[in-house]
1. What residue, among those in segment 142-168 that are in contact (Cβ under 8 Å) with a residue 12 or more places away in the chain and small (Gly, Ala, Ser), is surrounded by the most Cβ atoms within 10 Å (Cβ to Cβ)?
2. Could you say which residue among 136, 48, 44, 53 is surrounded by 13 or more Cβ atoms within 10 Å (Cβ to Cβ) and of a type outside the set (A, V, I, L, M, F, W, C)?
3. Please give the strands (runs of 3 or more DSSP E) falling wholly within segment 72-141 in which 3 or more residues are touching a residue at least 24 places away in the same chain (Cβ under 8 Å) and touching a helix residue (DSSP H, G or I) at 6+ places or on another chain (Cβ under 7 Å).
4. Taking the stated definitions as given, is residue 34 aliphatic (A, V, I, L, M), surrounded by fewer than 16 Cβ atoms within 10 Å (Cβ to Cβ) and in contact (Cβ under 8 Å) with a residue 40 or more places away in the chain?
5. Looking at 98, 112, 87, can you tell me which residue is more than 18 Å from residue 161 (Cβ to Cβ) and touching a strand residue (DSSP E or B) at 6+ places or on another chain (Cβ under 8 Å)?
6. Counting just the residues of segment 1-31 that are part of a helix (DSSP H, G or I) and touching a residue at least 12 places away in the same chain (Cβ under 8 Å), which one comes out nearest to residue 93 (Cα to Cα)?
7. Please go through (1) touching a helix residue (DSSP H, G or I) at 6+ places or on another chain (Cβ under 8 Å); (2) without any contact (Cβ under 8 Å) to a residue 60 or more places away in the chain; (3) under 15 Å from residue 111 (Cα atoms) for residue 198 and return the number of the only condition it doesn't satisfy.
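The values are calculated or read from the model by the stated rules, or taken from the named source; none is laboratory data. Because the structure is predicted, anything quoted here is derived from the model rather than measured. Because the Cβ atoms are built from the backbone with ideal geometry, glycine has one as well, and the counts that use them run over all protein chains shown.
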Amino acid sequence: MTFPIKFSKSSKYISQYPEVAFGLTLISGCKNFLNPPGFDQYKRKLLRRMRKREILAEITERIDIYENFFNDFGYECPLPKHLKRTVNSGFPRYNIMVDAHFMSEMCAGILVAVTDYDRFDGKLTLDLAEEGETCRAMGQRALTTKKGEIVLRDEKEIVCVLCQGADEKTRVTEDTSNVLFYAYALPGINERYLKEGLAIAAEIMSKFGKGTTEGYHLS
């Protein structure tokens, strides 16, 4: 299967992070259901697995890597709080696309974004930001980059700043039908965990969102 998304890494990114993986998976023709039949049981099964002591210890180790990376740029990483809440209270319930995003993050211990594929403008590039670049974050907040921050760009603008979040333009809505999940590794995070997390997201959207997985890309 030929992956339909044009993606590359900039020379600046490759120079700084030569062995660090980035993964994407696209699921087309989805429905953004609130709570489809059988989904609660599926969530409980994954939750039981991630709460096992040895698995939770490994997840926590990876999340600690993300937290330290965020701290180095002066930001708070959301993953530790999400993990604590999930262990104590279970997976939150929003809609199936956002739920799939949280579940893939927590079960694999990685950072995942969920986006509306149709809202991107052209090919995607993983890059390093210059000082003072801006983008429109979720909730219409203005984000300003620090030099060297990891960013994802389409052909028009920055669509995600790793340590600050995804943009408003590509946010999923109840009308989203083609959903793109992408996952960032960091130094010390093996690419297999990206595969694991994205596979969970794709399975959820295929099984419960009635979508078709168009493939994975890992670079």
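1. Restricting to residues being in contact (Cβ under 8 Å) with a residue 12 or more places away in the chain and small (Gly, Ala, Ser), the top hit is 166.
2. 136 is the lone residue from the list that is surrounded by 13 or more Cβ atoms within 10 Å (Cβ to Cβ) and of a type outside the set (A, V, I, L, M, F, W, C).
3. Details: elements: 111-116, 124-128, 134-136.
Of the strands (runs of 3 or more DSSP E) lying wholly inside segment 72-141, those with at least 3 residues that are touching a residue at least 24 places away in the same chain (Cβ under 8 Å) and touching a helix residue (DSSP H, G or I) at 6+ places or on another chain (Cβ under 7 Å) span 111-116, 124-128.
4. Values: aliphatic (A, V, I, L, M): yes; surrounded by fewer than 16 Cβ atoms within 10 Å (Cβ to Cβ): yes; in contact (Cβ under 8 Å) with a residue 40 or more places away in the chain: yes.
Taking the combined requirement at face value, the residue satisfies it.
5. Numbers: 112 fails: more than 18 Å from residue 161 (Cβ to Cβ); 87 fails: touching a strand residue (DSSP E or B) at 6+ places or on another chain (Cβ under 8 Å).
Result of the check over 98, 112, 87: 98.
6. 13
7. (2)
Okay, residues lined up against (1) more than 19 Å from residue 95 (Cα to Cα); (2) over 17 Å from the mean Cα position of the chain (by Cα); (3) at pLDDT below 95; (4) aromatic (Phe, Trp, Tyr):
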{"site": "130", "(1), (2), (3), (4)": "yes, yes, no, no"}
{"site": "154", "(1), (2), (3), (4)": "yes, no, no, no"}
{"site": "162", "(1), (2), (3), (4)": "yes, no, no, no"}
{"site": "172", "(1), (2), (3), (4)": "no, no, no, no"}
{"site": "190", "(1), (2), (3), (4)": "yes, no, no, no"}
